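Inspection log for the structure reproduced underneath, given as structure tokens.
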Amino acid sequence: MKYNKVPSITESLKKVASSEARNMSALPAMRFISGVVPSRRNTVNGNRKPNRVADKKIVGEIDWNSFAPSAGRVRGVDMLSKKENYNIVEEIIDTDAQDYFNRIALNGGLLTNLEKSAINTLVLDLKEYGIWTKIKAAYPMVGSSAAACAVNLKSSSFKGTFTSGWTFAATGATPNGISAYMNTFWNPSTEISNPNDGHLAYYSRTESVGTYIDIGCFVGSTAFDLVIRYNNVAGACINMTDANVFSYTETTKGFFIGSQNNTPNIRKYVRDGSVIQTQSIVQNEQPNANVFVGARNSAFFSNRECAFASIGNGLSDTEAFNYNTVVQQFQTNLSRNV
């Protein structure tokens with residue numbers, strides 16, 4: 001795995017001792033920690049393991065007994081009156097994350113440092129759990145603009161096109177429920193050769209009931225869509241007709257996945273990592289149409305705010321569980337989890 005390193009901090013360290021750098025503005029890309037780095041839980045077997053070190057390393061140390069900075073905060077840590085040693089931790093950016101940042105910039109978008117850090121962790125976690133290769137297109141909905149939200153996390157392909165009627169914010173992208181959608185240009189019949197394979201995912205931040213389909217496409221009698229809740233029914237309608245749904249009157253908030261994992265006739269509807277329904281339908285056909293986000297085929301327009309969406313190969317129950325863990329952490333890092 002290759003990583004792009006943030007610029008050298010040698011000169012920045014030298015500037016720390018100078019009065020003009022006492023507020024730490026010369027070190028915007030660095031994190032300051034004190035004590036032991038907290039561990040994180042392995043959600044597969046429940047054992048604790050150390051924080052991954054591939055994206056962080058200690059590169060220097062400042063002794064605040066030698067000098068104290070003037071008023072200011074660094075990453076939310078109050079540095080006033082601190083008389084202890086702090087490690088300087090330099091963040092290492094994954095190359096795929098950096099490529100995504102570059103594509104957003106080229107498309108006219110802009111990300112905050114917090115969003116970049118959250119995306120970097122997201123990419124590393126997806127790779128760690130083996131989910132990265134299952135995703136063909138992903139839209140993290142960061143950047144508070146159409147230019148940023150349209151960019152595919154995985155590659156330069158499948159850059160979305162938004163219609164009018166969307167609202168963009170730090171929490172995600174919200175369609176108006178009347179006419180808005182994003183065309184991903186991703187077509188299941190051309191992108192996945194196996195008609196028993198595929199997944200759609202959508203992180204909804206909105207509680208609403210109506211005739212909504214949040215992501216997918218449909219041709220003739222065949223659907224490739226995720227029905228989070230359509231009035232009082234729902235369904236993981238992957239490679240089958242969406243007439244085969246089930247009764248559902250529960251929440252529309254959370255991370256929803258519809259998946260067919262290379263098993264004929266079996267689909268799973270997953271909410272927040274738990275399989276809510278297994279659908280056994282004898283039909284395995286792929287529609288020849290582009291997947292839309294916020295609607296399906298210019299119809300069934302949704303009003304649910306999207307904070308993440310993805311398309312790709314089918315997921316096992318364990319992969320869906322781990323995918324939820326990663327995406328929920330991503331939303332938590334951005335303070336927009338529901």
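Does the stretch 262-280 contain at least one residue that is crowded, with 22+ Cβ neighbours inside 10 Å, in a loop (DSSP other than H, G, I, E, B) and at pLDDT 95 or above? No, that holds for no residue.
The condition of being of a type in the set (A, V, I, L, M, F, W, C) and more than 21 Å from the chain's Cα centre (by Cα) holds for residue 178. Close contacts from the stretch 286-304, counting a first residue that is closer than 14 Å to residue 206 by Cα and in contact (Cβ under 8 Å) with a residue 40 or more places away in the chain and a second that is of a type in the set (A, V, I, L, M, F, W, C) and outside any loop (DSSP other than H, G, I, E, B), with Cβ to Cβ under 6 Å and a gap of 6+ residues or different chains, come to 294/182.
The residues on offer are 226, 334, and the sole one that is in contact with a helix residue (DSSP H, G or I) (Cβ under 7 Å, 6 or more places away or on another chain) and of a type in the set (A, V, I, L, M) is 334. Of the residues examined, residue 214 is one that is modelled with pLDDT of 95 or more, acidic (Asp, Glu) and in contact with a Cys (Cβ under 9 Å, 6 or more places away or on another chain). Evaluated against (1) over 24 Å from residue 338 (Cβ atoms); (2) more than 12 Å from the chain's Cα centre (by Cα), residue 154 falls short on exactly one condition, (2). Against the numbered list (1) surrounded by fewer than 22 Cβ atoms within 10 Å (Cβ to Cβ); (2) modelled with pLDDT under 95; (3) part of a loop (DSSP other than H, G, I, E, B), residue 286 comes up short only at (1).
Return the residue satisfying two criteria in turn: it lies in the stretch 135-171 and is basic (Lys, Arg) and buried (at least 21 other Cβ atoms within 10 Å of the Cβ), and of such residues it is nearest to residue 93 (Cα to Cα). Break it down into steps so the answer makes sense when it comes.
Going through the stretch 135-171, the residues basic (Lys, Arg) turn out to be 136, 154, 159.
In the following step, the residues that additionally are buried (at least 21 other Cβ atoms within 10 Å of the Cβ) were identified as 136, 154.
Details: 136: 21, 154: 15 Å.
Per the stated criteria, the residue is 154.
Quick check: anything in the stretch 317-333 in a loop (DSSP other than H, G, I, E, B) and either surrounded by fewer than 24 Cβ atoms within 10 Å (Cβ to Cβ) or over 14 Å from the mean Cα position of the chain (by Cα) (or both)? Within the stretch 317-333 (the criterion being in a loop (DSSP other than H, G, I, E, B) and either surrounded by fewer than 24 Cβ atoms within 10 Å (Cβ to Cβ) or over 14 Å from the mean Cα position of the chain (by Cα) (or both)), the answer is no, since none of the residues qualifies.
Consider residue 229 carefully, then state whether it is charged (D, E, K, R) and free of Cβ contacts under 8 Å to residues at least 60 places away in the same chain. Yes; evaluated as a whole, the condition is true for this residue. Restricted to the stretch 187-212, and to residues there that are more than 17 Å from the chain's Cα centre (by Cα) and of a type in the set (A, V, I, L, M, F, W, C), the residue that is surrounded by the most Cβ atoms within 10 Å (Cβ to Cβ) is 192.
Of everything listed in (1) within 27 Å of residue 116 (Cβ to Cβ); (2) of a type outside the set (Phe, Trp, Tyr); (3) out of contact with any strand residue (DSSP E or B) (no Cβ under 7 Å at 6 or more places or on another chain), the single unmet condition for residue 215 is (3).
The values are calculated or read from the model by the stated rules, or taken from the named source; none is laboratory data. Bear in mind that the values here come from a model prediction, so they are computed numbers and not experimental data. Note that each Cβ is placed from the backbone with ideal geometry, even for glycine, and that neighbours are counted across all protein chains shown.
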